[in-house]
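No value in this document is a laboratory result; all are computed from the given coordinates. Since the structure is predicted, the reported quantities are computational estimates derived from the model, not experimental observations. Neighbour counts run over all protein chains shown; Cβ positions are idealised from the backbone, glycine included.
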């Protein structure tokens with residue numbers, strides 16, 4: 001009985017270790033003079049960063065409050081928004097500061113200089129890493145055809161009852177029916193508007 005409890009205890013301890021290991025970030029720590037990389041949600045390398053600020057001698061009394069980094073898109077996607085954390089570690093691998101960075105757009109193979117406001121670095125770090133928290137990519141709607149649903153089988157025909165709609169232009173309402181044109185005077189020209197079912 002005692003042996004069985006011990007086995008259950010060891011199994012529980014091992015499963016907890018596996019869960020804790022699975023929750024650890026995959027982005028590796030690198031030396032301050034090396035480029036740090038961050039992965040996207042699929043685990044592929046997406047961005048890398050290099051430190052531009054070389055003097056990082058923070059302390060509890062006088063923390064470093066900002067650093068400059070260069071972020072490069074090393075993936076194939078165009079990102080419309082990129083944000084993440086730059087985290088610093090002392091020689092004992094203890095985290096001693098982190099700052100948020102963000103960019104509005106980053107094309108493939110493009111680099112951009114950015115800072116880390118809100119950083120409170122209270123050590124002289126030996127290593128650092130980056131973690132991407134948001135990598136929003138641009139959709140390719142303009143380059144690929146958009147798949148649409150086929151038109152409904154009961155399309156509006158001239159024999160079916162008319163469906164009435166109202167177009168409101170600058171607060172002025174104009175009634176319009178399907179397949180029945182309306183002519184509006186726009187400035188010095190007339191515009192003919194026809195509402196019809198999509199083909």
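In Å and on Cα atoms, what radius of gyration and Dmax does the range 26-137 show?
Answer for the range 26-137, Rg first and Dmax second: 13.4, 43 Å.
How big is the Cα convex hull of the range 41-95 in projection, averaged over all directions, in nm²?
Orientation-averaged projected area of the Cα hull: 5.3 nm².
Starting from the Cα-Cα distance between residue 70 and residue 53, subtract it from 0.36 nm times their residue separation and give me the gain in nm to one decimal.
Between residue 70 and residue 53, full extension yields 5.1 nm more.
Fewest first, what order do 193, 74 take by the number of other Cβ atoms within 10 Å?
Fewest-to-most ranking of 193, 74: 193, 74.
Taking the mean number of other Cβ atoms within 10 Å as a proxy for protection, how do you rank 64-72, 30-38 from highest to lowest?
64-72, 30-38
Sorted from fewest to most neighbouring beta carbons within 10 Å, what does the list 56, 121 look like?
56, 121
Mind sorting 128, 85 by how few other Cβ atoms lie within 10 Å of their own Cβ, fewest first?
85, 128
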